[in-house]
1. Could you please let me know if P157 is outside any loop (DSSP other than H, G, I, E, B), under 30 Å from K56 (Cα atoms) and either assigned by TED's automatic domain parsing to the domain that holds Y46 or not hydrophobic (A, V, I, L, M, F, W, C) (or both)?
2. Please verify whether the stretch 215-225 includes one or more residues that are surrounded by 10 or more Cβ atoms within 10 Å (Cβ to Cβ) and in contact with a Lys or Arg (Cβ under 9 Å, 6 or more places away or on another chain).
3. Can you name the residue in the stretch 65-77 that is crowded, with 24+ Cβ neighbours inside 10 Å and under 16 Å from the mean Cα position of the chain (by Cα) and is also farthest from Q44 (Cα to Cα) among such residues?
4. Going by what's in this entry, would N96 be described as modelled with pLDDT of 95 or more and either in a helix (DSSP H, G or I) or in contact with a Leu (Cβ under 9 Å, 6 or more places away or on another chain) (or both)?
5. Cβ-Cβ below 7 Å, separation at least six or inter-chain, first residue in the stretch 232-249 and more than 18 Å from L151 (Cα to Cα), second among the hydroxyl-bearing types (S, T, Y) and at pLDDT 95 or above: which pairs?
6. Given N120, N73, which one is in contact with a Leu (Cβ under 9 Å, 6 or more places away or on another chain), of a type in the set (S, T, N, Q) and in contact (Cβ under 8 Å) with a residue 12 or more places away in the chain?
7. Go through the residues of the stretch 1-17 one by one and say whether even a single one is acidic (D, E), under 14 Å from S127 (Cβ atoms) and out of contact with any helix residue (DSSP H, G or I) (no Cβ under 7 Å at 6 or more places or on another chain).
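The values are calculated or read from the model by the stated rules, or taken from the named source; none is laboratory data. As the structure is a computational prediction, the values presented were derived from the model and not from experiment. Positions of Cβ are generated from backbone atoms using ideal geometry, with glycine treated the same way; all protein chains shown enter the neighbour counts.
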Amino acid sequence: MNDVISTILNHRSIRHFEDKPLTDEQIHTIVSCAQAAATSSFIQAYSIIGVKDKEKKKKLAELAGNQEYVEKNGCFFVFCADLYRHTIIGKKEQKNVASSLESTEKFMVAMIDTSLAAQNAAIAAESLGLGICYIGGIRNNLEEVKKLLHLPDRVIPLFGLAVGYPSHITDKKPRLPLKHVFHVDQYEQDMERYNRQLDEYDQLISEYYETRTNGQRKDRWTQQIANMLSKQNRMYMKEFIQKNKLDLH
């Protein structure tokens, strides 16, 4: 096993960081690695906002649901799907690009490009001995996030990435078994096998929580996910996206 694979397999979310900022060199390395990710048709449909300002990080923490680690970290990155620059490109080259930029396909391209770049950044940060935590909570209040970061239309903040020096290392959370997520040649739909795999994973996760919390928690994974999905969340998203001139047709 090489160092890259070891770093990837050793991932865990870090939510407690030392009070120590990242250096400019570290930040530039992380962003350069993000830019090295694959991009559909070379469109590069993302931007990254590095938030260093303490007051802005504090406000973002509030908007994300009062998550302390959004405020207290080495640097907070906001990854944005970005088709604004392509609006400018259309004007520069005197081409009508609006219909393409407002399509579901290009919106998906922007989301995929952003996610690929972010995962490269995460692996780069972890390879430097830093910890990371993805923050989807910034989507709780996108209008306020947009105002705070002065984002133009066709730029959607998808998630944040808290990066810093870990002050506490958590246990690695078990993932679904490989045989449940990896299918060969076609999607496996043997329900007896499918449910058996879920039962086995439920037992593993329940034991993980029980050990980690000294018996205070032992919920199953399917129980946790079903409870989460049974509640509506961020139902304004489609309206916000279309208001920002994306995914209109």
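1. yes
2. Scanning the stretch 215-225 turns up no residue that is surrounded by 10 or more Cβ atoms within 10 Å (Cβ to Cβ) and in contact with a Lys or Arg (Cβ under 9 Å, 6 or more places away or on another chain).
3. Step one: list which residues in the stretch 65-77 are crowded, with 24+ Cβ neighbours inside 10 Å, which gives 70, 73, 76-77.
Checking which are under 16 Å from the mean Cα position of the chain (by Cα) leaves us with 70, 76-77.
On the way: V70: 26, F76: 21, F77: 17 Å.
Among residues in the stretch 65-77 that are crowded, with 24+ Cβ neighbours inside 10 Å and under 16 Å from the mean Cα position of the chain (by Cα), the one farthest from Q44 (Cα to Cα) is V70.
4. Details: modelled with pLDDT of 95 or more: yes; either in a helix (DSSP H, G or I) or in contact with a Leu (Cβ under 9 Å, 6 or more places away or on another chain) (or both): no.
In short, no.
5. Close Cβ pairs (under 7 Å, with a partner that is among the hydroxyl-bearing types (S, T, Y) and at pLDDT 95 or above) amount to H249/S103.
6. N73
7. Within the stretch 1-17, one or more residues are acidic (D, E), under 14 Å from S127 (Cβ atoms) and out of contact with any helix residue (DSSP H, G or I) (no Cβ under 7 Å at 6 or more places or on another chain).
Residue-by-condition table, conditions (1) under 18 Å from R15 (Cβ atoms); (2) in the same structural domain as A61 (by TED's automatic domain parsing):
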{"residue": "T114", "(1), (2)": "no, yes"}
{"residue": "A117", "(1), (2)": "no, yes"}
{"residue": "N140", "(1), (2)": "yes, yes"}
{"residue": "H150", "(1), (2)": "no, yes"}
{"residue": "L161", "(1), (2)": "yes, yes"}
{"residue": "P166", "(1), (2)": "yes, yes"}
{"residue": "Q197", "(1), (2)": "no, no"}
{"residue": "Y209", "(1), (2)": "yes, no"}
{"residue": "T213", "(1), (2)": "yes, no"}
